[in-house]
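Contents: one structure, followed by commentary.
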Amino acid sequence: MNDEEKTVNQERKRKGLKYSSFCVTYLSMTTTFKQIANSALELSVQERAELAHVIIASIDEDRNDLYPAWDIELKKRVGDIRQGKVKGIPAEEVFA
């Protein structure tokens, strides 16, 4: 792990975040991306979730055609939940 990776990892730990593959990808991004990412990591969990939603929603809807397998899987999972075949796990438990 190089010095920049260590710094990113230490900062994420300081903020109570777990090290992830995001850090490796993050290191290869532009300065602008790093500034935005650092600012976003300062947000609360709720604010980060809302920001993620805004960013994802901003992606051109035509790109959804690129991921038909995800659409099929999502519909299956939603159907399983609605039919009571599976039970969701509360976020507090998942992220504990």
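Among residues of segment 29-51 that are within 15 Å of GLU11 (Cα to Cα), none has a beta-carbon under 6 Å from a residue that is of a type outside the set (D, E, K, R) and loosely packed, with under 12 Cβ neighbours inside 10 Å at least six positions away or on a different chain. Yes or no: ASP80 assigned to a helix (DSSP H, G or I) and either at pLDDT below 90 or under 30 Å from GLU11 (Cβ atoms) (or both)? For ASP80, the condition - assigned to a helix (DSSP H, G or I) and either at pLDDT below 90 or under 30 Å from GLU11 (Cβ atoms) (or both) - is not met.
The values are calculated or read from the model by the stated rules, or taken from the named source; none is laboratory data. For clarity, every value in this text was computed on a predicted model and none was experimentally measured. As a convention, Cβ positions derive from the backbone with ideal geometry for all residues, glycine included, and neighbour counts pool all protein chains shown.
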